[in-house]
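I have placed the structure first, in the form of structure tokens, so that the comments after it can refer back to it.
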Amino acid sequence: MNLCLLLLCISHAFAQDRTVGGTVTGQDDGQPLPGVSVKVRGSNTGTQTGPDGKFVIKVPAGATSLEISYIGFVPQTVAIPSSNVINISLAGDTKVLSEVVITTAQNIPRSERSLGYAAQALKGGDLTLTKQPDLNTALAGKIAGIQVSGTSGANFGTGGVRIRGTNSIGGGADPLYVVDGVPVPSTSVNTDDVQDLTVLKGPAATSLYGQRGENGVIVITSKKGTKKGFGLEFNHSTTLENVAALPRYQNEYGGGSSQNWNKFTYNPAVDAQGLAGLNGQRYYNYAVDESWGPKFDGQPYIPWYAFNKFDADYGKTKPYVAQPDNVRDFYETGVEVNSNFAFSSVGDKHNFRASYTNINRTGVSPNSRADQNRISVIGTVKPTAKLTFTSSINFNSISTRNAPTEEYGNQTIGSFSQWFHRDLELDKLKNYKNPDGTFTTWNIVGPRNQSAQYWDNPYTVAYENTSSNNSNRTFGFLQGSYSILPELSVDVIARGNYSSNLIQSRTASGTLNLERYANRQVRNRENNYVIDIMYNKLFAEKYSLKAGAYGEIRVNHNDDLNGNTNGGFTVPNTYTLGASKDRPTITSTIYDKQVRSVYGFVSGGYKNFLFLDLNLRNDWSSSLPANANSYLYGGASTSFVFTELMPKNSILSFGKVFTSFGRVGSDIDPYNINSIYNSAGIYGTFPALTVPNTIYNQELKPALSDSYEAGIDLRFIKDRIRLSFNYYNRKTTNQIINLTLPSTTGFSTAVINAGEIDNHGYEVTLAGTPIRSKSVVWDINANLGINRNKIVELYPGISNFQLATFGYVGTPSISVNREVNKPFGTLLAPVIKKDANGNKLIDDDGFPLYSSSPSEYESLGSYIPKYTGGVTTTVSYKNFTAGISVDFQRGGKLFSVTQGNLYGSGLAEGTVGNNDKGNPIRTPVSAGGGILIPGVRESDGQPNTTYIDPQDYYEGYIPYVWSEYTYSASYVKLREASLGYTLPGNIARKISAQSVSFTLVARNPWLIYSAVHGLDPSQSNFSWMEGGQLPGTRSLGLNLRVTF
Amino acid sequence: MKKQLVKYLYILLATGTVVASSCSKVDDFGNLNTSPNSPAVPQTSLLLTNAERYLGNTSTTASAASVINANAQRLFVQYMSETLYTSESRYATTTYDYSGIYNNPLEDLQTIIKLNTDAATKNASYVTVGGPNESQIAAARILKAFYFLNITDRWGDIPYSEALQGLAKVTPKFDTQESVYTSLFAELKAAAAQFGTGNLPGDFLFKGSVTTWKKFAATMRLNMALRLSKVNPTLGRTEFNAALADGVLTSNADNIVYSFLGEAANANNIYSNYEVDKRYDYAVSKTVVDQLNAIADPRLPVYADKTSAGTYVGMPYGLTQSQSSAFSIGTVGVPGNVSRIGQQFRSQSSPVTIYTYAMVQFDKAEAYKLGWITGAPDDTQAAASYLAGINASFAQYGVTAPATYFTQAGVAYNSATAIQQIITQKWIANYMGYADETWDDYRRTGYPVLTPSPAALSIDKLIPRRQNYSVTESQLNGDNYKAVIARQGPDVTSTRIWWDK
């Protein structure tokens, strides 16, 4: 049947006289324009350009010219040359803002007006505004409904992105990033090579990507050659980075856990003579890693290094004073040198572009650096008018050395803001290694014992306990396209993505912890083969039809080899697995998975104002049970540009309503079906095996998620004001989750199909161009996203999913929960008890009462923000351009382990100061010091009048009452600011350049508002908590961009 | 033109054929989803090894529970004092998590029992490699009982009858401790009678010795029975005599001991704390040193190291951090001003005793005194067992004492203070062993006399009577959790469990 239709079409086509072909591009950026109407003047014959901006049209004998028209561009009439090849460059119609073309699923370009779902696009330039090295961070605040959880620049990390909140009960995952059709991790995206980027949010938009699109898809199109002939581009920036936010430390009391001094008594029998001068001098307990010690008085004391015979100040006392900047001074100025060089060649039969990026970056943490080399080559050749080959190869090499880790146990930041002495001199710590090879530390056991108690010297950690991560990735594709007919083409595509990672770390011999070496090698391979047939035709100038059918096979293979030494080394300082004293731990895991798919879409339009899209996909996944491994899903969407039916007016220039329904199916990682047993180490010669804590599931079904979406786009006063609003509702059934079980079942999790999870929200974008004159253009764009989740049904008998718990052994813990029919992501924690009027209940000793058992824990609210959003604005005046980007989050709870320890160990500014009697709070209570916890006595209801010692309170009493250290995660942050200058064209041309621009860029310049002192909630290392978080950084740099 | 058309048709046909031929098997992935990384069936002997190895578990993560060498219990009975950071010895830490015990050894043992019982698997080679079916089941039941006993004595009422059933029972109810005890007595008796003949290749603990397994089971019952001295002496007495009749430990050679090994993965946890983590969190407590000094006990040099001053000094128990600042334990190479735990307890391979012959003698001494064995309180027999207990402990540590040791006040058996003396000597003998037994004795009898931390941070400022359930129970098994605290009392450390009267 199809074949017959095809034959008919083909025979119809042969009846024409002459074939004319060409490409239509936009004048501004040289990019191909798809969907452009091409009509033979004075006849009814017409066609549209394809995805690559190309068209082929049969022209009747006698016709002389073509009419080219496209919404948002000035129409043109061109004569048909004898060569039969026409390349047309359309100028944007300044009266109407150019119609945005959006790259949708499977790289199909679509005019924005035809989309029945929300999709937001950015140009490459929006991402490189301030040369953020991380793609995700560059997205912050620019797209409605996406939440970026950043990371500190100190560890060169990459932020996380959640599109439309957390769809998944397990905490959600990053979206799928697709570069020219190849799925890659976000770190493999080079922002310098991005032509445009589209965020596809809901299932109707993403279902053509299958299960991997369930968390949204970010579709990235690489830059291609833009200018006919040879093009050259050079782009360089140098950026300096500094630590911005640090907690507020106190500077009144030094190290130790007691304000009483110890006295050193020189004992000639055991002490070296060099210490004789210290006899009778005072010192504090160096072994204690906190700052509840004596008050600074400027009088002599024995610092820790006075006992080190190698130190210049051996045997000498020093004045006992605070070192207010000792943490800040540890961090250095990081330097990032980022250079990008690209050249391109564009001709009638080819388009070639190659780009090389080199980033050398030293971090703020001493001895840390990250280097990147990226090469990408993309080229198209067109041997005949109907045949096109495109290929792209990208190579990334990213090497990171000694990136500091976060969290409690980290030996630098874990110490600085949690366990440290406020009197430590950084200069003295810099001598971390003695001439005899031993290491120094501030946290020594005692005067006669220089061993480290809990902490190494931070410089030892930076220079000796090193780590490295070398990752190489090659990805790309080969595509052959053949136009069987002007409206019918076939593509064959092979895509590959190969990566290898080598991760090493060492704990140096002779440092605090046992010497250790770890080596992990991870290799991933993905091959992907696609065949598709595309059809694209305009009928009678009214009806457009676009359709595609695809067959795809995806093959994934991962292997992971992970080893570490045990029990130290046979020979010290031998960093190899072979040196392991005990049997080294070696694990190797292999994952194999295949997904086979067929899918397709049909998209129809009527008179360019009414559109209907349908798509359908079936996947077969190897990781589901054999009897349930096939699943069918798809979507339908429609859009209606109602202003086309209205009389032209000066108020409402454009109006569109759209709605869609989509379903996306998903599977799970391999090996979650059949039960297995895990190796559990060895006891002497007895190997051990254990039943895993997870129940695997042979009855598993694919998960299905249904989504409805509706929205409206309005533009007023010649597009000067643009408003879009949409609502979505997503219902996920049978989501595959690792259900948390009470361990008394013998297991802690079970792989199950969860009942039902609902998710709905709103996205609003308001943009405008308040000023558009010849010399000044001011653009502003604001967006807001609201997302709400609810679990309707989980599993019979289970009403709560515990996402995570945190607590020290034996201490009250805080947990994050997702309870059926309750707010998603509730934090449950011990609280200070209150009476009916909200007063804290205090015991007769002056201490507040708190929940003593889990049955008394209370909800502190959800960690999910109420809303997130951002504002970006750019102003250009003549040759100057300035831009800023602000993002914010309102609501959501965050608990801070750092704050708990900052108070517990007496480092926080809040642990000093005067009480209401005017006495220092650290003065003994008997001498008028202490703090008074406001509240009423539980025994008699009278106001509390008993002062208590702050150390007893902060260190002993409430360090585990996590509610006291839970804050609102609301923040407002100026994420990016830039000021650029472009040389006037005549000057640029003197150096034969097309354009030359300088830009001053600032990243993270200002945390405008945060409720957590000294910590940046937008960079918390977990969505719901922060612990031992690295300090936020800010950077300032200069960017030079030249194109020839 | 025609030619070209034919060519297109061929291409389409060829493509169609390829698609169609792969379509016929599109849902068949062969063995692709079978994990190459882990075995699909377990050798049951290896599961037994894992279940035994968990006894010496020293993980400090919150989700894993220590069993025979738990720091908390050793602190409660003041064998050790914390050196710099003292919150656990001040009872600020209240919530402990038994998840690891259920998840790991109990589930492994349950699986051994299941595989050896199920007709479909009991004759499979991966099951029979673990020894005779009956013996595997017996050993698994006994070890399971030991873990359940540990859990119920720490938390009180616990999930037992509905536990370990996976998705078949996602919210197991809590059974009363009384019913758990009844079940465990029966379980231990039945299991001991079930052994067949043949080795248990995975059993590193008892090397497959059926005799030792039986003595272990009977000794466990002996201690359980004594635990009922206040709440149900009649049952306690019956069970005590039944256990004795079945054969308990009869010499130090019988001692039930968990041996650590000279390798990082199986190291003694005090060794790890001192020499791997270099934290030196625990010193010998002043309570122990003062008690042993008072009676010139020859075990002191074994139990404690000398300080830099060449003496034995105990670290005062449960000080505030400000107060503890004056003390330093030093390091292994350089002693401080309070004593480290003795070498015999802190080498990489130092064993931990679970049940000892000395303990059995003290059990018998108490039972004689209670009149459980001879029908009426029998001071003569009690004194003899008491003495035998002390001597067994001396022999265990290779020390001797002058005769005056046994005749001095406080050591010499005194009918009026017999229970206090017996339990106090039992406490000394069990130093750094399975401290739960000692804590159980303290809760049941009030001995040894211990002064709670002077800076206690718990609500009642007293030594805990139990441990709190973990937050996972209240949040994932909420209805049953509410029911158990309504029955047993608030989920706090001052609530007394069933046998603690």
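The values are calculated or read from the model by the stated rules, or taken from the named source; none is laboratory data. This structure is a prediction, so every number in the text was calculated from the model and none was measured. Ideal geometry is used to build each Cβ from the backbone, glycine not excepted, and the neighbour counts take in all protein chains shown.
Observations on the model:
- Among the numbered conditions (1) more than 14 Å from every other protein chain (Cβ to nearest Cβ); (2) over 30 Å from B:LYS25 (Cβ atoms), the only one that A:ARG663 does not meet is (2).
- Region A:713-730, subset aromatic (Phe, Trp, Tyr) and out of contact with any Leu (no Cβ under 8 Å at 6 or more places or on another chain), residue nearest to A:PHE661 (Cα to Cα): A:TYR728
- Checking A:ALA287 against (1) among the aliphatic types (A, V, I, L, M); (2) surrounded by 21 or more Cβ atoms within 10 Å (Cβ to Cβ); (3) free of Cβ contacts under 8 Å to residues at least 60 places away in the same chain; (4) within 30 Å of B:THR83 (Cβ to Cβ), the condition it does not meet: (3)
- Filter result for the condition that a residue is closer than 30 Å to A:PHE747 by Cα, of a type in the set (Gly, Ala, Ser) and more than 14 Å from every other protein chain (Cβ to nearest Cβ), over B:GLY371, B:GLY433: B:GLY433
- Within region B:325-335, tally of residues that are part of a loop (DSSP other than H, G, I, E, B) and facing another protein chain (nearest Cβ under 7 Å): 4
- Residue satisfying all of: in region A:834-864; assigned to a loop (DSSP other than H, G, I, E, B), on the phi < 0 side of the Ramachandran plot and more than 11 Å from every other protein chain (Cβ to nearest Cβ); surrounded by the most Cβ atoms within 10 Å (Cβ to Cβ) among these: A:TYR863
- Residue ID - nearest to A:SER621 (Cα to Cα), chosen from residues in region A:537-558 that are under 37 Å from the mean Cα position of the chain (by Cα), more than 10 Å from every other protein chain (Cβ to nearest Cβ) and not small (Gly, Ala, Ser): A:ARG554
- A:TYR728 fulfils the conditions (1) modelled with pLDDT of 90 or more; (2) within 14 Å of chain B (Cβ to nearest Cβ) except for a single criterion, (2).
- Residue pairs meeting the criteria (Cβ under 6 Å; at least 6 apart or on separate chains; first over 13 Å from B:ILE112 (Cα atoms), in region B:45-56; second of a type outside the set (D, E, K, R) and in a helix (DSSP H, G or I)): B:TYR54/B:ASN104; B:TYR54/B:PRO105
- Any hit, region A:985-1001, residues being closer than 16 Å to A:THR151 by Cα and surrounded by fewer than 23 Cβ atoms within 10 Å (Cβ to Cβ): no
- Checking B:LYS461 against (1) closer than 29 Å to A:TYR957 by Cα; (2) of a type outside the set (Asp, Glu); (3) buried (at least 17 other Cβ atoms within 10 Å of the Cβ), the condition it does not meet: (3)
- Of the residues A:ASP196, A:ASP174, A:ASP192, the single one that is touching a residue at least 40 places away in the same chain (Cβ under 8 Å) and in a loop (DSSP other than H, G, I, E, B) is A:ASP174.
- Filter result for the condition that a residue is assigned to a loop (DSSP other than H, G, I, E, B), closer than 25 Å to A:SER588 by Cα and within 11 Å of chain B (Cβ to nearest Cβ), over A:PRO687, A:PRO692: A:PRO692
- Taken over region A:296-306, the criterion of being assigned to a loop (DSSP other than H, G, I, E, B) and not charged (D, E, K, R) is satisfied by A:PHE296, A:GLY298, A:GLN299, A:ILE302, A:PRO303.
- Filtered residues of region B:219-265 (kept if farther than 21 Å from B:ASN430 by Cβ and buried (at least 22 other Cβ atoms within 10 Å of the Cβ)): B:GLU239
- Residue check for B:ALA365: within 30 Å of the chain's Cα centre (by Cα), in a helix (DSSP H, G or I) and surrounded by fewer than 24 Cβ atoms within 10 Å (Cβ to Cβ): no
- Listed by position, the strands (runs of 3 or more DSSP E) inside region A:918-1029 whose residues that are over 20 Å from the mean Cα position of the chain (by Cα) and hydrophobic (A, V, I, L, M, F, W, C) number at least 3 are A:995-1010.
- Residue list for region B:231-282, restricted to those being more than 13 Å from every other protein chain (Cβ to nearest Cβ) and outside any helix (DSSP H, G or I): B:VAL231, B:ASN232, B:GLY247, B:VAL248, B:LEU249, B:THR250, B:SER251, B:ASN255, B:ILE256, B:VAL257, B:ASN268, B:TYR282
- Qualifying position, being on the phi < 0 side of the Ramachandran plot, assigned to a loop (DSSP other than H, G, I, E, B) and either touching a strand residue (DSSP E or B) at 6+ places or on another chain (Cβ under 7 Å) or modelled with pLDDT of 95 or more (or both), among A:GLY280, A:GLY293: A:GLY293
- Within region B:88-203, helices (runs of 4 or more DSSP H) holding 2 or more residues that are in contact with a strand residue (DSSP E or B) (Cβ under 9 Å, 6 or more places away or on another chain), of a type outside the set (Ser, Thr, Tyr) and within 13 Å of chain A (Cβ to nearest Cβ): B:107-117, B:133-155
- Against the conditions (1) in contact with a strand residue (DSSP E or B) (Cβ under 9 Å, 6 or more places away or on another chain); (2) crowded, with 20+ Cβ neighbours inside 10 Å, A:SER968 satisfies every one except (2).
- Close pairs from region B:128-150: first within 16 Å of B:LEU222 (Cα to Cα), partner of a type in the set (Asp, Glu), Cβ under 7 Å, at least 6 apart: B:LEU143/B:GLU52; B:ALA145/B:GLU187; B:ASN150/B:ASP436
- Taken together, the criteria place A:TYR575 among residues that are of a type outside the set (Asp, Glu), crowded, with 17+ Cβ neighbours inside 10 Å, more than 10 Å from chain B (Cβ to nearest Cβ) and farther than 30 Å from A:LEU545 by Cα.
- Some residue of region A:736-746 being farther than 25 Å from A:LEU610 by Cα, modelled with pLDDT of 95 or more, hydroxyl-bearing (Ser, Thr, Tyr) and assigned to a loop (DSSP other than H, G, I, E, B): no
- Unmet requirement for A:GLN450, which otherwise passes all of (1) buried (at least 17 other Cβ atoms within 10 Å of the Cβ); (2) without any contact (Cβ under 8 Å) to a residue 60 or more places away in the chain: (2)
- Checking the stated criteria, A:LEU704 turns out to be touching a residue at least 60 places away in the same chain (Cβ under 8 Å), closer than 30 Å to A:LYS201 by Cβ and more than 10 Å from chain B (Cβ to nearest Cβ).
Rundown of residues vs (1) away from chain B (no Cβ under 14 Å); (2) in contact with a Pro (Cβ under 9 Å, 6 or more places away or on another chain); (3) farther than 28 Å from A:ASN394 by Cα, yes/no style:
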site	(1), (2), (3)
A:LYS433	yes, no, yes
A:THR440	yes, no, yes
A:GLY446	no, no, yes
A:SER451	no, no, yes
A:ASP456	no, no, yes
A:THR474	yes, no, no
A:ILE484	no, no, yes
A:VAL492	no, no, no
A:ASN519	yes, no, no
